[in-house]
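Enquirer: I have a structure here, written as C-alpha cells, and I will follow up with some questions on it.
Derivation of every value follows stated rules applied to the coordinates shown; laboratory data play no part. It should be emphasised that the depicted structure is a prediction, and the values quoted were computed from it without experimental measurement. Positions of Cβ are generated from backbone atoms using ideal geometry, with glycine treated the same way; all protein chains shown enter the neighbour counts.
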Amino acid sequence: MDNMEKDIMSTENIVNLLEEGLYSKKPIPGTLSVTDVTSKILEFSQFLNGVGRITLFHSDKSDSEELVTLLLTLKKSVKYALNEIGYSRNKAKFEYTCLKCSEPFDLDSNQNFWTSLQSHEHTEHLYDQFLNGTLDNLTEDFANVCMNKPNGHFYPIPGPSTSEFANENTDSGIDNDNIDSNEIYETDINEASEVDHRESNNADYNPEILKNSEHTEKDVNSFRFNFVLTYDDVIENKIYPDRLMKTIRKYDKIKEYTMQKAGPFRAVCLLCCCDVVTKSKICKFALDSHATGQRHLKFASNPENVENLKKYHEVWLNQEPMYQAHQVYFKPVNSCLKCDLCNTYVHYDEALIHIGTNPHKKKVLDMFEKKINTFFLMELQVQVYGIIVAADKEIKNEKPVAKPKTRKENTDTDSSSSAVQDPKENKHNIIKSVDNLTSENVLDLLPNRFKVNVKYFKESGNALLCFLCGVTVSKNVDNIKKHINTSLHATESGFSLEKYSYFCEICNVKVSNEAAWVAHFTKGPNRHANMAESRKAKTTEYECTVCNTVIYGDELSLSRHLSVGLKREKKTKAAAEIKLPGPVIRLFQSEELIEAEAHKLASEANNVLICNSLTKECCARLEAALSATFEGCKAYPFGSRVSGLGDKNSDFDIFMDTGDMYMGYKNQDAMAQVQIVRKVYSALGKLDEFVDLLQIPTARTPIVRVYHLPTDIDCDLSFRHGLSVENTKFIRFCLDLQPITQSFILLLKKWSQINNFSENIAMYALYLMAIFYLQVNNYLLSVRKLRELNPRKPLVINGWETINYTMPLEEIKTYVDPYPHSVSKLLKDFFAYYAKFNYSQEVICPLMGHTIPKNLFLLGTLPEEMKAYLTQLQGEEPEEFRTRSSICIQDPFDLSHNLSKACGFGVLNKFKTMCDLTFKHLNDFV
C-alpha cells in the first residue's frame with residue numbers, strides 16, 4: 001500500500017470510489033437525494049440571511065409576535081432534524097456488493113462502514129489498482145470521479161476515530177444532549193452555505209482543492225486502512241490504570257489520558273507538563289488533587305494544550321509496546337517533547353531516533369543493570385536495545401531491533417514446536433497449536449487442544465468416520481472441530497473446552513469460548529486480517545498447556561504471557577504460607593475468654609453510645625461553624641459510634657446537609673462536591689476549635705477530616721446524601737432485633753484488624769457479611785422481608801428505596817429465631833461458611849437474604865425487588881454492579897454498589913485461608 005500513502009486522493013473521490021466504483025450501493029426507497037435536500041436548505045438559508053432577515057428587522061410589533069411563533073417552531077424543527085440525522089441510518093440496513101467477487105454486504109447499525117469494507121479481502125487490492133490506474137470496468141459516474149469532475153455536493157463521512165463529535169447513538173456524530181440550536185443555526189449552517197455557494201458559483205471548482213483543507217485532511221487520513229489504536233495492555237495498566245484515569249477524566253473532560261504514572265513515586269501531568277512527586281507511592285488522592293486544581297483545569301480549557309496532548313499520544317500509539325514503554329521519560333512541551341532523562345527537547349518526529357541514541361540508551365541500560373526503580377516498564381524498554389527479560393533471567397542479543405514498527409522475528413518459525421524452552425524456570429509449556437501446517441493428514445491440522453479426539457476417527461473413503469458417534473465427517477478441519485464440539489460427541493467422549501481462555505494479542509482481544517475465537521478470525525473486522533504477508537509469517541496460534549490459554553501472536557506475546565504467569569505463581573505461593581497469627585490464637589483461646597472479650601467489647605461500644613452528649617455537642621458546633629456559608633445546614637451522625645459497634649477511638653462520621661441534599665436531589669455531581677468540600681475546609685480552617693483539617697474531594701464519597709478539640713473527637717464529614725444514615729439505622733436495628741449480633745460483629749471486627757483486612761475489606765462490608773450469615777439461618781430478616789412488614793412508604797434517597805420502621809420491634813422479633821448457642825459457636829459457623837463460600841459465582845445479597853448468581857446481573861434477569869437497580873441503569877449516569885470483583889457484597893439499599901469491589905484475588909485467598917484456619921482452631925474446643 002505504499003502507493004496509497006504517496007498518492008492519496010481527496011475524500012470526495014474516496015467516498016465515490018467506494019460507493020460507485022469498488023462497491024455498488026442499493027438506493028433507499030422513499031427518499032429524496034441528498035443534493036435535492038441540500039439545495040432546499042441552502043435556498044432557505046440564503047433567504048433568511050438576506051432579504052428575510054431585513055424584513056424581520058423592520059416588522060411591526062403586531063407582525064413580530066406571529067413571526068416569533070413561527071421562528072420558534074422552526075427552531076424546534078431544526079433541533080429535531082439535527083437529532084434525527086443518522087437515526088434512521090442507524091436502524092436501516094445498507095446493502096453493498098463487491099464488484100470483483102459479487103459478495104453482498106449487509107451493514108446494520110452495529111457495524112461501521114469503514115472497518116467493514118477494510119476487512120474485505122478485495123478492498124485494499126482494488127484501491128491499490130485504482131491508484132495505479134489499472135482498475136477496469138468503471139461506471140460512467142466513477143469515470144467522472146477519476147477525472148475529478150464534480151457530481152453534486154459532497155458530504156464527508158467521518159472515520160471511526162477522527163470525528164471530533166463522535167456520538168455512540170447516531171451516525172451523525174451529534175451529541176443530542178449538548179445541542180445549542182442558536183449556535184448550530186448561526187455557525188454550522190452559515191459555514192455550509194458559504195462552502196456550497198463557493199462550489200456552485202466557481203466554474204473552475206476542482207475537488208482536489210479540498211486536499212489542503214483541515215477537514216478534508218482528517219477524512220483522508222481516516223480512510224487509510226488504520227484501526228483505532230490503543231496502548232498495550234501491560235503499558236496501559238501500569239501507567240494509565242483505569243481506576244485512576246476514569247476519575248481524572250470526570251474533572252478535566254478530556255478523553256485522552258492527561259496524567260501518567262511514570263514511576264512508583266513520580267507521576268507526570270501531560271497537560272500542565274509538570275511532575276507530581278510524593279514521598280510514598282503515587283496514589284489516587286495525589287493525582288486527583290492535582291486534577292481538581294485550578295491550574296490543571298485552566299490548561300484543560302485551552303485548545304492548544306489539548307492539541308499538544310493529542311500529538312503526544314499519537315506519537316506513542318503508533319509504535320510497538322517496547323517503544324511505547326519509553327514514554328515515561330517524556331512529556332509534551334509546546335510543540336515538542338522533553339526527555340526528562342536526558343534533559344533534552346526532541347521534535348515529535350524524532351522521538352524514536354532519540355530513544356536509539358547513545359546518551360538515552362546508556363542511561364536506560366545503566367538504570368536497568370543497577371536495578372534502579374525510578375521509572376516503570378524498564379524490562380520492556382530494554383527490548384529496544386536487544387535485551388529480552390523472561391522468567392527473571394536476562395537474555396542478551398547482540399543484534400538490536402532494527403525497525404521501530406517491526407516485532408522481533410522468530411528465527412526458527414517452523415523447526416520447533418516449542419516457542420519457549422526451560423519449563424522448569426517458567427512453569428509453563430507453550431507450544432504451537434498446530435505443529436506442521438503443511439501436513440497432508442487433516443487430523444494433523446487439528447489444534448493441540450483437540451488432539452485427544454484423534455483416536456475416535458478413522459478413514460472412510462473420502463471422509464472420516466467418528467466411530468464413537470457413528471457419524472461421517474468430511475475431511476475439513478473446521479467441520480471436524482464442529483463435530484467434536486457437538487453435544488453428542490462431547491457427552492460420549494467427556495471432551496470440553498470450558499477450561500480454555502483465548503487471547504488475540506495482535507488485536508488485544510480476549511474471548512471466552514471456542515465459537516467466539518473462530519468468529520474473531522472469520523467474521524467482522526480485525527487487525528491481523530490486513531497484515532502484510534511479511535508480518536503474518538511471524539504470527540501463529542500458540543497454546544499454554546499449563547494454564548490452558550490459547551494465544552495468537554508472536555514471541556513478544558509469549559513473553560508477556562510468561563510475566564503474567566510468574567506473578568500469579570508468586571501470589572499463590574505467598575498465599576500457601578499464611579499461618580494463623582498469634583494474636584488471633586490468643587483472642588480465641590477458649591470459650592470462656594471469647595465470652596469475656598465479647599462482653600468487654602460490647603461494654604466499650606455501649607459506653608460510646610451513652611456519651612452521645614459529646615457527639616451532639618460536636619454536631620451543634622459544626623452546624624454553627626458552617627451556617628454562615630450554608631444557611632440552615634444540618635448534621636446527621638452515622639457510623640459505628642451511633643450504631644453500637646464503635647469504641648472511644650472510632651472516628652465520628654457525619655453527613656452535613658448543606659441544603660436540601662438528604663434525598664440526593666441536589667449537588668450530587670463531582671464538581672459540586674468538590675466545591676462544597678473546599679468551602680467547608682475553608683470555613684472550618686478559620687476557627688481555632690477545629691484543627692488537623694484534611695480535604696479528600698475525589699473519593700467516591702468526598703469528605704473533610706477534622707479534629708474537634710473541645711470534645712476530643714476525630715470527625716469525617718461527607719456531603720452526598722442521607723443513604724449512609726439509613727445504612728446505620730439498618731445496622732442498629734439488626735443489633736436490637738438479635739442481641740448476640742453486637743458481640744458477634746465486634747469480635748469479627750477485632751479479628752479483621754489483627755489480620756489487616758480493614759485495608760481491603762471495609763468494616764461496613766464485614767458487618768453485612770455477618771448480618772447476611774444470620775439472615776441465611778433466619779436469625780435476622782432480609783431487607784425485602786422488613787419492607788413487607790413495614791409497608792408504609794419509605795424514603796427514596798438518590799433513587800434507592802430505604803425502610804420505614806413502623807412495626808414495633810417486639811412484634812418483628814416473632815418472625816426470627818432467637819440464637820440458641822454461644823457467640824463462640826456462632827463465630828465457628830461463620831468462618832466455616834465463608835471458608836467454603838462460592839465467591840466466583842455468588843453475590844452476598846442482604847436485600848434478598850440469600851445469594852444471587854453473578855450471571856443474573858450480566859443477563860439482566862434479576863428479581864423484581866431489584867427493579868430500582870435496572871431503572872438506574874437506564875438513567876443519565878448508570879453505574880453497574882461490579883460482578884468481576886473477587887468478593888461481591890451488595891449494599892442493601894444502593895444496589896449498584898459492590899462494597900468489596902477493591903478486594904483483589906490475593907486478599908480473597910488470604911481471607912478464605914484465615915477463615916479456614918480460624919474455623920479449625922475454634923473447632924478444637926467449641
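Enquirer: Across all directions of projection, what mean area in square nanometres is found for the Cα convex hull of region 233-377?
Expert: 8.2
Enquirer: Given the alpha-carbon gyration tensor of region 806-926, what are the semi-axes of its equivalent ellipsoid in whole angstrom, ordered largest first, with each equal to the square root of 5 times an eigenvalue?
Expert: Equivalent-ellipsoid dimensions as semi-axes: 30, 23, 10 Å.
Enquirer: Within the set Lys825/Lys912; Lys331/Lys432; Lys238/Lys451; Lys331/Lys686; Lys616/Lys749, which residue pairs have Cα atoms separated by over 29 Å?
Expert: Exceeds cut-off: Lys331/Lys432; Lys238/Lys451; Lys331/Lys686.
Enquirer: Using only the Cα atoms of region 593-724, each taken as one equal point scatterer with no solvent, compute I(q) by the Debye sum, divide by I(0), and report log10 of the ratio at q = 0.11, 0.13, 0.15 Å⁻¹.
Expert: The computed values of log10 I(q)/I(0) come out as -0.40, -0.54, -0.70.
Enquirer: Could you state the principal axis extents of the C-alpha atoms in region 302-386, from the largest down, to the nearest angstrom?
Expert: On the principal axes, region 302-386 reaches 42, 24, 21 Å in Cα extent.
Enquirer: Which of the pairs Lys338/Lys361; Lys666/Lys901; Lys298/Lys338 have their Cα atoms more than 20 Å apart in this structure?
Expert: From Lys338/Lys361; Lys666/Lys901; Lys298/Lys338, over 20 Å: Lys666/Lys901; Lys298/Lys338.
Enquirer: At a 10 angstrom cut-off on C-beta neighbours, averaged per residue, how do the peptides 61-67, 267-273 rank from highest to lowest?
Expert: Order by mean packing, descending: 267-273, 61-67.
Enquirer: Another question, then. Binned at 5 Å from 0, what are the whole-percent values of the Cα-Cα distance distribution for region 723-786, short to long?
Expert: So the P(r) values, bin by bin, are 4, 17, 29, 24, 17, 8, 1.
Enquirer: Amide H of Leu270: which non-local residues (sequence gap of 5 or more, or other chain) have their own amide H closer than 5 Å, using H built in the peptide plane?
Expert: Met259, Gln260
Enquirer: Under the rule of at least 5 residues apart or a separate chain, name every residue whose amide H is placed under 5 Å from the amide H of Val816.
Expert: Distant-sequence amide H within range of Val816: zero hits.
Enquirer: Among the trypsin sites (Lys or Arg not before Pro) in region 799-848, which ones are in a DSSP loop with at most 16 other Cβ atoms within 10 Å of the Cβ? Mind listing them?
Expert: Passing both the DSSP loop test and the Cβ count: Lys836.
Enquirer: Which value results when the Cα radius of gyration for region 477-519 is divided by 2.2 N^0.38 Å?
Expert: Computed over Cα atoms of region 477-519, the ratio equals 1.30.
Enquirer: Next question, about the same structure. I'd like the Karplus ³J(HN,Hα) series for region 642-656: coefficients 6.51, -1.76, 1.60, θ = phi - 60°, whole numbers in Hz, and an x wherever there's a Gly or Pro.
Expert: For region 642-656, the Karplus curve yields 10, 8, x, 10, x, 9, 5, 9, 5, 5, 9, 8, 9, 8, 9 Hz.
Enquirer: Considering amide H positions built from the backbone, and no H for Pro or chain starts, which residues 5 or more places from Phe265, or on another chain, come under 5 Å of its amide H?
Expert: Ile282
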